[in-house]
Amino acid sequence: MKHTMTILIAALALGAGAAGQPMEKSEAQIITSRMIPYPKQVAVTDGPVVKINRELAVTITLTNGVCGLEKRTSRLFKSYFGVSPALTFKTDASLVIPKDGYRFKVASDSGLAVEASDEGGVLNALKTLRQLAEPERGVEKLSCYFLPEMAVEDAPAVAFRGMHLCWFPENDEAFIEKCIRMAAYYKFNYLVLELWAVFDYKAHPEFSWAEKKVKAKTIHRLTRLAREQGLTLIPQLNLFGHAPASRHISGKHPVLDFHPEMQPLFEPDGWTWCLSNPATRRYLTEMALELYEAFERPPYFHIGCDEAYSMATCLACRKANYAALLKGHLLYLHKLFGERGTKIMMWHDMLLVAGDPRWKGYVAGGSAKIGTEALLDALPRDIAICDWQYGAAPKKDAAQWPTMQYFYEKGFPVLACPWKNAEGVRSQARLVREKGMAGMLCTTWNYMHSLDMYRMLYAGAHAAWGYEGTGWNASSAFNQHLRQVGWDMPVTRYRDTGVAQWQVPPENALLH
Ligand SMILES: [Zn+2]
């Protein structure tokens with residue numbers, strides 16, 4: 001269904017239209033511009049506003065009943081609007097609404113009616129309603145919100161709507177929680193959380209920075225609060241390259257900077273795990289399973305595997321059949337998690353040969369000599385390939401994204417992984433939708449702050465929900481949404497508010 005900026009006047013499927021006239025266009029746009037991502041169909045009428053109070057009649061109709069949804073919806077109403085109106089739940093097996101999609105109608109004579117096929121749809125409807133609700137006027141202190149008379153209908157454009165988030169030693173729990181809540185608020189349904197040597201591993205405490213150890217109980221708390229809002233957390237541990245879980249240009253290594261005796265686990269430069277050493281596999285398995293339990297046995301586990309530039313550089317690895325070693329490593333990890341009912345996902349770059357003319361202009365880091373691409377055919381086709389391409393497509397390719405297509409044609413589930421280039425985000429999403437690829441995993445890295453935080457969330461959410469318009473600057477709506485998330489936590493410190501810890505960075509605080 002094509003999106004437009006038009007405020008649709010037509011009554012939607014929820015019965016007769018409201019009695020009011022269509023709202024004047026510029027006023028309607030003030031209201032509708034508060035929605036991120038922007039829904040497929042919106043109709044606003046100029047009738048009396050509808051107060052969200054105890055008297056509001058709320059009817060929620062689902063295709064099938066969902067266990068526990070009534071209590072959860074009631075809790076979310078209380079949290080979003082400060083009241084728990086009486087909720088009437090119904091089922092109607094004839095409803096045809098896509099997974100996670102919804103429609104609702106707000107009318108002064110009949111209250112709020114929501115329709116969805118599943119729990120995800122109800123949660124998404126509530127998020128949209130929160131963005132639309134306006135605080136009452138003419139009093140010093142708020143006692144209720146109100147909604148305009150309107151009807152909205154929406155459904156996601158891709159099934160896997162993921163965000164990748166890094167927990168750096170410089171980040172704290174409040175920041176991570178804020179990002180998780182924003183991802184959920186913008187209707188992502190998965191969030192890969194990569195812990196940059198900050199987890200409190202019981203088996204291997206030396207793998208994380210001594211001053212910065214996030215406890216398993218913190219991960220449990222975040223996993224549950226995300227789930228409450230329809231977002232599934234996925235752990236990431238780098239099980240091939242990027243072994244120090246640190247930025248390369250920082251020169252830091254959580255293990256080797258303090259424990260030179262641990263060098264045999266890594267290739268000599270410390271950047272890649274030594275795959276010929278059986279001790280490495282034991283060490284990594286113990287850490288991976290700790291994370292797996294902390295994230296409460298998630299449906300996916302991200303094994304990293306990007307940028308293994310120093311692979312096959314130790315004495316044993318450089319004399320081995322390294323492609324066979326790597327293949328064995330990946331198949332081992334696939335089996336380790338497969339036995340637990342969990343699928344693995346990995347970055348794509350080492351599976352393509354660097355310098356191959358087919359990938360000119362795209363990220364590829366593998367080696368023809370070692371044979372990293374040849375092993376692709378031996379990999380099970382349920383490994384999700386996370387293809388990270390950060391810019392816009394080169395013009396010569398007309399946004400065909402050949403690397404994504406290559407993995408797709410080989411039979412893998414492909415996740416497009418754009419970064420902060422808005423055209424790149426939109427263009428990759430278009431291909432995912434056209435081909436019916438698995439979805440998107442929007443990356444953020446060390447830019448999850450300031451204007452970039454807004455840009456990445458805004459572009460990613462719209463791409464995943466299929467909206468292509470850029471008709472307004474919604475950054476003031478974004479600030480409002482961020483503040484609402486802050487109320488939910490709640491934030492108490494200056495540094496936890498807004499999009500950045502400081503308005504002016506302390507000297508020497510930034511690594512450029
Ligand atoms: Zn080695």
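Among the trypsin sites (Lys or Arg not before Pro) in the stretch 128-180, those located in a DSSP loop and surrounded by at most 14 other Cβ atoms within 10 Å of their own Cβ are R137, K141. Give me the angle, in degrees from 0 to 90, between the Cα long axis of helix 173-185 and the longest principal axis of the Cα atoms of the chain, rounded to the nearest 10. Tilt relative to the chain: about 60 degrees.
Computed on the chain, with alpha-carbon pairs under 8 angstrom and 6+ residues apart, the relative contact order is 13 percent.
Taking packing as the residue-averaged number of other Cβ atoms within 10 angstrom, the listed peptides 397-406, 373-382 run from highest to lowest as 397-406, 373-382. Kirkwood's formula applied to the C-alpha pairs of the stretch 25-154 gives a hydrodynamic radius of 14.9 angstrom. If R0 equals 22 Å, the separation of the Cβ atoms of R247 and E206 corresponds to a calculated FRET efficiency of about 0.65. Radius of gyration over Kirkwood radius for the stretch 82-216, both on Cα atoms: the Rg/Rh ratio is 1.11.
Which percent of the accessible area of the chain is formed by carbon and sulfur heavy atoms (probe 1.4 angstrom)?
After summing per-atom areas, the C and S share lands at 54 percent.
Applying both filters, DSSP loop and at most 16 other Cβ atoms within 10 Å, to the chymotrypsin sites (Phe, Trp or Tyr not before Pro) of the stretch 231-323 gives F258. Counting only lysines at least 8 places from K335 when in the same chain, those with an alpha carbon closer than 17 Å to its own are K327, K343. A DSSP coil position with no more than 15 other Cβ atoms inside 10 Å describes the following GluC sites (Glu not before Pro) in the stretch 246-301: E296.
Calculate the spin-label point distance for S84 paired with E423, positioning each point 7 Å from the Cα along the beta-carbon direction, and give it in nanometres. For E423 paired with S84, the spin-label model returns 5.1 nm.
With the helix formula -39500 (n - 2.57) applied to DSSP H stretches of n ≥ 4, the chain reaches a computed 222 nm mean residue ellipticity of -9500 deg cm²/dmol.
Simple spin-label estimate for H220 and R493 gives 2.4 nm between the two label positions (7 Å along the Cα-to-Cβ direction from each Cα). Accessible surface calculations at 1.4 Å, restricted to protein heavy atoms, place the stretch 390-512 at 48 Å² per residue. Cα-based values for the chain, radius of gyration first and Dmax second, are 24.2, 79 Å. The slack in the chain from R54 to E468, taken as 0.36 nm per residue of separation less the alpha-carbon distance, amounts to 145.3 nm.
Compute the long axis of helix 69-81 from its Cα atoms, compare it with the longest principal axis of the Cα atoms of the chain, and write down the angle in degrees, 0 to 90, nearest 10. On a 0 to 90 degree scale, this one is about 80. Against the chain, whose longest principal axis is taken from its Cα atoms, helix 322-338 shows a tilt of about 40°. Under 11 Å from the 7 Å Cα→Cβ point of K396, by amide nitrogen: which residues of the stretch 339-374? Hits in the stretch 339-374 for K396 at 11 Å: 357-362.
The values are calculated or read from the model by the stated rules, or taken from the named source; none is laboratory data. As the structure is a prediction and not an experimental result, all values here were calculated from the model. For neighbour counting, all protein chains shown are included, and Cβ atoms are generated from backbone atoms with ideal geometry for every residue, glycine included. The area values use the complete protein model at the heavy-atom level, side chains included, leaving out ligands, DNA and RNA. Shrake-Rupley method; radii C 1.70, N 1.55, O 1.52, S 1.80 Å.
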